[in-house]
Structures are given as C-alpha cells and as structure tokens.
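The values are calculated or read from the model by the stated rules, or taken from the named source; none is laboratory data. Note that this is a predicted model, so its numbers are computed, not measured. When we count neighbours, we look across all protein chains shown, and the Cβ atoms used for this are built from the backbone with ideal geometry, even at glycine.
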Amino acid sequence: MKNYQVITIALAALLLAVAPSGWAASTSQDFDNLGTSYTLKKHFGDSEASIQSGGPSGNFVRLNYAGVTYNLNTIAFDRTQEGAAQKIIADFDFRMYGGNRADGFGFVLLNTSTYGTSGASPIEISVEPKAVNSLGIGFDIFKNELLGDPDNNHLSVHYNNSLVKNFSLSGTGIDLWSDKEINFYHAHIEADLVNGKVSVALTPYNGSSVKVIDNFLVPGLSPYKARVAFGAITGMYNANHDLDNIQVSFQAVPVPGTAMLLGSGLLGLWPVLRKRS
C-alpha cells in the first residue's frame, strides 16, 4: 500500500472520530422514571405544583388546579445540552380541563446565559411566556382583552421578552380546554434556530396531527444555549393544567475542536503527500 493511501485512511478515521454527532443531548421526563432533573416552584398563590397519578402513561405533573385562583407555578429542567443549539424538537402531552377556562400555560427555552443552567425558574412563566433572548410558546384558553388576545383558544409565539404573533385555533377542530376530564393532547414543536423558524403541530387523543404553525419566521431568533421550562397561571377563572411525557432534543451547533482543525490541515496537504509518494 502506498504512503498516500495509508495517510488517506488515517485521515478519514480521524475526521469521523471528531465529526459532530448531530443530536447531542435531550431533556426527558415522564414522572415515572428518573429522567432529567427538574425543580418545581410556586411563584404566587396558595397551591403548589404536584406529581399525580392517572396520566396518559402513569404519573404526570399538575401545574395548576381547577378552583384555585390567582396562582402561578413553574417547572424548570436542568440544562442537558451544554453548547448552543441549532435545532430543537420538543414533544410533550398536555391537558387543560375543569374550572371555568383560564388561563393557560407557557413553554420556554430559557437562555442559560441569562437564567442559569439549573434550578428553579428565576422568572414567572405564564401563558404569555416572555423571557430575555429566549423562545416561548403560549397555550392560551382565556381571551384577555387587555392583551389583545384574538379569542380564548389560541397559541402565541414570543421571543426576547416580546409577543411576536398570536395564532387562533378557530377552524382547526382543536380546543385546548374542556369542561370535563379528557385524554391528553400531544404537542410537537420544531425550532430551527439557524433559519429563525418555528413550527407547531397538535394531536388530539385518537385524532390526527394538525400543523397549526408552519415555518413561522421569528425575527432575531438564532442559535443559543437553552434549557426547558414550563409555567401555568390562573386568575379569577381557572382550570387544571397538566403535563406529561416531556422529550426535548437539542441538535448542537458544530464546533471544530483541535483534532478537527488538525484533520483539515492534513486534508489540505493530501495532494502534496500523494505527489511525493
């Protein structure tokens, strides 16, 4: 075997060894197994979030309660992806029922540069999930006239502490709330941080998936280091707010290390080495 052939094989092995692994980490919690560490926090009100039985596949977390007014609780997960993410895919089951329809919950990818890498959420996360340099999706079952809500059944996209847009679910066949106990909905969220786009699909129990937000461009959205958090709020009106089977996957931004840079240098020398063989 010629020298350049040996070098080529060694170089290929080196590049494969240091190539980015793609989906680098995930946040996972079904409240039945160990899963990712999380912290529950009561921000105001009389009732704390709790783990209960009777979810879609065992236990679930109840963030707020029907009949309990003026209450806000959060669940925040420790960071599982150390570097910045270029794409994040989130799946979870949720249920809002009972009470008299309010207010909703928020899902947030907290920017760890601002909000830390572990522990309780340092901010109140509600149905309007606003956070600095962070992406949030609100699941809203109350029409707040003061906030300009389109109706009492909509999603909202937030970024960098501001509302970007509301998305009414009217005409989709999906109602985020029920006046009786029902089976859980499934939410699927895709955040393309490189291109600044967000998509959301919702699936009712025994129903078909409905894409309610499709590649929506979020101005300013770009890769950042994030961890997962949820929060639910009730006012004078209220409902049960339940979550289960949380799975959030992070695709890391490729960062070339020393070995990768060395391999690139050898790749540049390859024609010379072959010529001299």
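Key figures for this structure:
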{"quantity": "Qualifying residue in region 58-65 (condition: of a type in the set (A, V, I, L, M), modelled with pLDDT of 95 or more and in contact with a Phe, Trp or Tyr (Cβ under 9 Å, 6 or more places away or on another chain))", "calculated": "yes"}
{"quantity": "Complete set of residues in region 67-97 that are part of a loop (DSSP other than H, G, I, E, B) and buried (at least 19 other Cβ atoms within 10 Å of the Cβ)", "calculated": "79, 80, 81"}
{"quantity": "Any hit, region 11-18, residues being at pLDDT 90 or above and either on the phi < 0 side of the Ramachandran plot or not in a strand (DSSP E or B) (or both)", "calculated": "no"}
{"quantity": "Sole exception among (1) under 25 Å from residue 197 (Cβ atoms); (2) buried (at least 22 other Cβ atoms within 10 Å of the Cβ); (3) not polar (S, T, N, Q) for residue 141, by number", "calculated": "(1)"}
{"quantity": "Number of positions in region 201-211 that are surrounded by fewer than 18 Cβ atoms within 10 Å (Cβ to Cβ), touching a strand residue (DSSP E or B) at 6+ places or on another chain (Cβ under 9 Å) and either modelled with pLDDT of 95 or more or on the phi > 0 side of the Ramachandran plot (or both)", "calculated": "5"}
{"quantity": "Residue check for residue 108: closer than 29 Å to residue 170 by Cα, at pLDDT 95 or above and either more than 15 Å from the chain's Cα centre (by Cα) or surrounded by fewer than 19 Cβ atoms within 10 Å (Cβ to Cβ) (or both)", "calculated": "no"}
{"quantity": "Residue match in region 38-45 (condition: farther than 30 Å from residue 177 by Cβ, part of a strand (DSSP E or B), charged (D, E, K, R) and at pLDDT 95 or above)", "calculated": "no"}
{"quantity": "Selection count, region 111-122, where residues are closer than 21 Å to residue 64 by Cα and in contact (Cβ under 8 Å) with a residue 12 or more places away in the chain", "calculated": "3"}
{"quantity": "Failed item in (1) within 17 Å of the chain's Cα centre (by Cα); (2) more than 21 Å from residue 48 (Cβ to Cβ); (3) outside any strand (DSSP E or B), with residue 143 passing the rest", "calculated": "(1)"}
{"quantity": "Selection within region 170-200 - at pLDDT 95 or above and over 18 Å from residue 212 (Cβ atoms)", "calculated": "193, 194, 195, 196"}
{"quantity": "Yes/no for residue 130 being more than 25 Å from residue 219 (Cα to Cα), among the charged types (D, E, K, R) and in a loop (DSSP other than H, G, I, E, B)", "calculated": "no"}
{"quantity": "Residues of region 47-75 classified as of a type outside the set (A, V, I, L, M) and closer than 18 Å to residue 129 by Cβ, total", "calculated": "4"}
{"quantity": "Single residue of 185, 159 found to be touching a Phe, Trp or Tyr at 6+ places or on another chain (Cβ under 6 Å), crowded, with 18+ Cβ neighbours inside 10 Å and among the aromatic types (Phe, Trp, Tyr)", "calculated": "185"}
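One line per residue, one yes/no per condition, for (1) closer than 29 Å to residue 26 by Cβ; (2) in a strand (DSSP E or B); (3) touching a helix residue (DSSP H, G or I) at 6+ places or on another chain (Cβ under 8 Å):
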residue	(1), (2), (3)
165	yes, yes, no
171	no, no, no
180	no, no, no
190	yes, yes, no
195	yes, no, no
200	yes, yes, no
211	yes, yes, no
215	yes, yes, no
221	yes, no, no
